[in-house]
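Reading through the structure tokens given below for one structure.
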Amino acid sequence: FFTGLSGAGKSTMAGIIRTKLIEDGQRPVTLLDGDVVRQNLTSQLGFSRADRDLNIRRIGFAANEISKNGGVAICAFIAPYRAIRREIRGLIEQHGVFIEIYLSTPLAVCEERDPKGLYAKARAGEILQFTGISDPYESPEHAELVIDTSKATLTQACQQILDYLIGRGLIAVSG
């Protein structure tokens, strides 16, 4: 479960890890990406706290179903609130393993990247309830991995995740 501010690298890293796990071939792998899910499944939801929680709750349900049926669900969402992340952790851990990966990339770096121009729009008041600007992001308290993508290269960060998965015995060492 990748979490962090917009522009932290969640989708990019989740995609790379997905590819590595597919190459590993041990289990089916599904990527649930925030932008894709918002566009295709939950477009009717807004960005109020209740709507954000409902969005993550729905993702948690889908991830749990994937996990219960032997698959790997990789989730890449801002998921700004601790309480809903804890709720999803509790749900998933009933049947599987939940790994929270917090991309702790500083707001200033995320704003510099701003691949979609969202921070600029939020600063101009064009987007309300934008995480990190006009809505809070509650950093995880007990993430299994914390990675600052302004300090680690993409390769280093992905290797850190793979090493963690190997160390936990969740994937095999590839030769």
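The values are calculated or read from the model by the stated rules, or taken from the named source; none is laboratory data. Everything quoted here is computed from the prediction, not taken from an experiment. Don't worry about glycine lacking a Cβ; one is built from the backbone with ideal geometry, like all the others, and counts go over all protein chains shown. Side chains are part of the model used for accessible areas, which takes the heavy atoms of the whole protein and leaves out ligands, DNA and RNA. Shrake-Rupley method; radii C 1.70, N 1.55, O 1.52, S 1.80 Å.
Over all other residues within a Cβ to Cβ distance under 13 Å of N64, the charged ones net out to +1, with Lys and Arg as +1 and Asp and Glu as -1.
Summing Lys and Arg as +1 and Asp and Glu as -1 over all other residues whose Cβ lies under 13 Å from the Cβ of T30 gives a net charge of +1.
In the chain, helices alone account for a calculated mean residue ellipticity at 222 nm of -14000 deg cm²/dmol, with every DSSP H run of four or more residues adding -39,500 (n - 2.57).
Averaging 1/r across all pairs of distinct Cα atoms in segment 1-99 and inverting the result yields a Kirkwood radius of 13.7 Å. Computed from the C-beta positions of S150 and R49 and an R0 of 30 Å, the FRET efficiency is 0.60 to the nearest 0.05.
For segment 56-175, the relative contact order is 25 percent, taking Cα pairs closer than 8 Å that sit 6 or more residues apart in sequence and dividing their mean separation by the residue count. A 1.4 Å probe run over the chain, with the rest of the protein chains in place, finds 51 Å² accessible per residue. Rolling a 1.4 Å probe over the protein heavy atoms of segment 1-127, with every protein chain left in place, gives an accessible area that is 53 percent carbon and sulfur. Cross-link reach is defined here as a Cα-Cα straight distance under 23 Å, omitting same-chain residues fewer than 8 places apart; for K116 the lysines meeting it are K10, K151. What is the calculated FRET efficiency for V36 to K68, with r their C-beta to C-beta distance and R₀ = 25 Å, to the nearest 0.05? Result of the calculation: an efficiency of 0.70. Between segment 1-51 and segment 102-140, the C-alpha centres lie 17 angstrom from each other.
Between L128 and L107, the modelled label-to-label distance comes to 2.0 nm, taking each label 7 Å out from Cα in the direction of the beta carbon.
Placing +1 on each Lys and Arg Cβ and -1 on each Asp and Glu Cβ, with no other charges, gives the chain a dipole about its Cα centre of roughly 220 debye.
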